[in-house]
Amino acid sequence: MRISKTKSELQAFIQNEKQKGKTIGLVPTMGALHEGHLSLLKYLRARCDILVCSIFINPTQFNDPEDLKHYPVTLDQDIEGLRTHHCDVLFLPSVDEMYPPGEQEWHIDLGDLETVWEGKHRPGHFQGVTQIVYKLFNLVKPDRACFGQKDFQQIKVIEKLIEIKNLPVTLDICPTQRDENGLALSSRNKFLSPSGEKKAAKIHEALQYIHKHIHTEHLGNLLKKGKEIIEDNTPLETEYLAICDIDTLKPVTQIHSSKKYIIVVAAWLEGIRLIDNLPL
Ligand code: PAF
């Protein structure tokens, strides 16, 4: 596996492969790879000639400097995982490489996506995500790029980026990977204690409860019950739990059989913020 630390080296390689007619797949990550990331690599490995993974802890998407400071780094293990999954190129740039001084400020109109749920609770987060994903798309020029469904709002935002900038890339979404208790895999789970990991599974339990009773119980009662499942006898604190229109992510108070919905949730445990979702 080739490890490229500079944009110029990566671009030269990509250009050469594209000239040979090869298709390019990209899995953008911030490292600390887990089975969720590896499932994205497996998915694209089977569908592209050249598989590129980027590892870059993008400072502009962190609204909390402490979160950035403590973001997990497991580079040796990541490289091993990438090699096992037959990744062709690891793009591993520095902050200066991705954000050279004197660049124009980034802003893109994400509409309501920026003011609900993750957008509301992590101000500026999606501007940072779109800024770096746009840079990566421009560099790698992937035919396909793959993201995990766990960050559902991030997918919506990237869809919007692709639409606004008219980018020739196909977005692939892979299902959320979970541990044996149902907890959605996330790089930040590394910071949970073993008992915390078990308690955090209550989040998925709540989502499943709501999913199961969606047609038989009043939505307000369901959300109340979901919050109880998450919080009763656990130190978990719900930040939001809502049933939303799957396209707009606006909360709904009624379900119509002709429409699609998603349950979204964020909760805190042991100082770690956990998010999850379940489409209906
Ligand atoms: O989902 C992530 O790990 C990050 O938000 C991404 C897409 C790699 C951008 O930094």
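Quick notes on this structure:
- The residues of segment 112-154 that are of a type in the set (D, E, K, R), in a loop (DSSP other than H, G, I, E, B) and closer than 17 Å to LEU40 by Cβ amount to a single one, ASP143.
- Candidate set: segment 112-132, residues that are surrounded by fewer than 20 Cβ atoms within 10 Å (Cβ to Cβ) and among the small types (Gly, Ala, Ser); chosen: the one nearest to the ligand (Cβ to nearest atom): GLY128
- Residue within segment 92-111 that is in a helix (DSSP H, G or I), more than 13 Å from the ligand (Cβ to nearest atom) and not charged (D, E, K, R) present: yes
- Checking GLY21, GLY31, GLY36, GLY25 one by one, the residue that is part of a strand (DSSP E or B) and either surrounded by 20 or more Cβ atoms within 10 Å (Cβ to Cβ) or on the phi > 0 side of the Ramachandran plot (or both) is GLY25 and no other.
- Meets criteria (touching a Phe, Trp or Tyr at 6+ places or on another chain (Cβ under 6 Å), under 20 Å from ARG188 (Cβ atoms) and surrounded by fewer than 19 Cβ atoms within 10 Å (Cβ to Cβ)) for LEU68: yes
- TYR240 vs. criteria at pLDDT 95 or above, under 28 Å from PHE126 (Cβ atoms) and of a type in the set (Ser, Thr, Tyr): yes
- Selection within segment 39-65 - crowded, with 18+ Cβ neighbours inside 10 Å and touching a helix residue (DSSP H, G or I) at 6+ places or on another chain (Cβ under 8 Å): LEU41, ILE50, LEU51, VAL52, CYS53, SER54, ILE55, PHE56, ASN58, THR60, GLN61, PHE62
- Strands (runs of 3 or more DSSP E) within segment 203-280 that include 2 or more residues closer than 27 Å to SER193 by Cα, in contact (Cβ under 8 Å) with a residue 24 or more places away in the chain and among the charged types (D, E, K, R): 237-245, 272-279
- Filtering segment 142-174 to residues that are more than 15 Å from the ligand (Cβ to nearest atom) and in contact (Cβ under 8 Å) with a residue 60 or more places away in the chain leaves only ASP143.
- Residues in segment 98-148 that are of a type in the set (Asp, Glu) and touching a Ser or Thr at 6+ places or on another chain (Cβ under 7 Å) were compared, and the one that is nearest to PRO168 (Cα to Cα) is ASP143.
- Pairs with Cβ under 7 Å, 6+ apart, first in segment 40-69 and farther than 20 Å from ALA12 by Cβ, second among the basic types (Lys, Arg): LEU44/ARG144; ARG47/ARG144; ASN63/ARG122
The values are calculated or read from the model by the stated rules, or taken from the named source; none is laboratory data. Remember, predicted model here, so these are calculated numbers, not experimental data. Reconstructed Cβ throughout: ideal geometry from the backbone, glycine too, with neighbour counts over all protein chains shown.
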